[in-house]
Every structure is written in structure tokens, then in C-alpha cells.
């Protein structure tokens, strides 16, 4: 009897389907990319400042990994305008999650992260989500949070997978201690620990 959560491993064609989905993702033709581009264009046309966060921002900054949703950083006013213009028409709200929506075109989830709120659990801390207009840069025609902001928010979230993402960003960009002044003092030690983890992994691979 298969263990719970592993049934997909035994479904005929499941592995091939997943490989096809991964290939589409890295070609940028999958539903997640479609939702990201479609939503970014709508925000731009509406004059709503935004910055892409999360897994799609990781890809934009060179760390290639798949993700199943899209995160957008907006101001509170931007969120209200997003709801007014697009929710109901283009997106469906997710019950119990006031800043999560589903793209009606393909079912992909969008999470809106709001300037002034706190990353991770949402409990007050030294780092808040910043104004998207102040921390975005254009990458492949879309506004994406810059690298220091992405790393800082990942570290502030304090989740294992976010620390892992930071390790990979350090590797991709060949970062070292000279990057520390670009980060809030509250996460500098976490960055150092991520840097040390990257170096330990490199030493292991070199054996």
C-alpha cells in the first residue's frame, strides 16, 4: 500500500507529464508565466506600481527553479485599485485569504504582498515590505524586486526554504561579505550563515 502523499509517483504518465510541465516553465510558456505577464500588463495599464516577488523573482535573478504561483508587491492603495478593477472580472478571491486570488483564465494563484506589512508570519519586526516603486528594476520588460531586497525579505521570512533560496542566489551571483552593507542589520548574520552554508556545500562537492 502506497504511503499517503506518494500516490502520484505510481500514476501512469505522471513523471512524463511533470517533465513536460518543467520544460514549459523554463521556456516561459506555462500557465504561471502567462499569469505573471498578463497581471503585470494589467497593473501597468492601470498605473498601479508593482514589483514581482517570490519564485518568479528568483528566476528573474538567475536562480532557475519552478513555482506554482505568482507574488506581487503592491501598496495598500494599489491593492484596493486591483480589487476595484480586476477582482470578479479577471480574478476570484480565495476564501479566508484576503490578499490571495485565482486567475480565472487558468486557475493560477496570485498572492499580493502589501507595502508596510511584515514578511514571514506577519508579526511585527524590523523589516517591512517596501514600496514597490522604490525597490524594483526592469528585468525582461517586467518590474522585479532588486536583488538586495529579494535576499533581505527572504531572510526576514525565516523559513528553511527561503534560506535555501538565499544560498542559491549567493551561488548564482558569487556574493560574499562585501554584500552585507546592502542588507538591513537585522538579517546580516543570517546572510553570513547562508554564505557559510554555501561554502560548506561547495567543499562537499569538491571532494
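Is it true that some residue in the range 135-147 is surrounded by 11 or more Cβ atoms within 10 Å (Cβ to Cβ) and in a helix (DSSP H, G or I)? Even if it seems obvious, please write down each step before you answer.
First, the residues of the range 135-147 that are surrounded by 11 or more Cβ atoms within 10 Å (Cβ to Cβ): 135-137, 139, 142-147.
From what's left, in a helix (DSSP H, G or I): 135, 147.
Yes, the range 135-147 contains at least one residue that is surrounded by 11 or more Cβ atoms within 10 Å (Cβ to Cβ) and in a helix (DSSP H, G or I).
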Pairs with Cβ under 6 Å, 6+ apart, first in the range 15-31 and under 15 Å from residue 70 (Cα atoms), second exposed (fewer than 14 other Cβ atoms within 10 Å of the Cβ): 31/106
Odd one out for residue 62 among (1) modelled with pLDDT of 95 or more; (2) surrounded by fewer than 16 Cβ atoms within 10 Å (Cβ to Cβ); (3) within 27 Å of residue 171 (Cα to Cα); (4) out of contact with any helix residue (DSSP H, G or I) (no Cβ under 7 Å at 6 or more places or on another chain): (4)
Sort through 151, 110 and tell me the only one that's more than 26 Å from residue 187 (Cα to Cα), touching a residue at least 40 places away in the same chain (Cβ under 8 Å) and not in a loop (DSSP other than H, G, I, E, B). 110
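Do we have residue 98 as closer than 27 Å to residue 172 by Cβ and either in contact with a helix residue (DSSP H, G or I) (Cβ under 9 Å, 6 or more places away or on another chain) or not in a loop (DSSP other than H, G, I, E, B) (or both) here? Outline the logic, then answer.
Details: closer than 27 Å to residue 172 by Cβ: no; either in contact with a helix residue (DSSP H, G or I) (Cβ under 9 Å, 6 or more places away or on another chain) or not in a loop (DSSP other than H, G, I, E, B) (or both): yes.
When the stated conditions are applied, residue 98 does not pass them.
The values are calculated or read from the model by the stated rules, or taken from the named source; none is laboratory data. This one's a predicted model, so the numbers in the text were calculated from it and none came from an experiment. Note: ideal-geometry Cβ built from the backbone for every residue, glycine included; neighbour counts use all protein chains shown.
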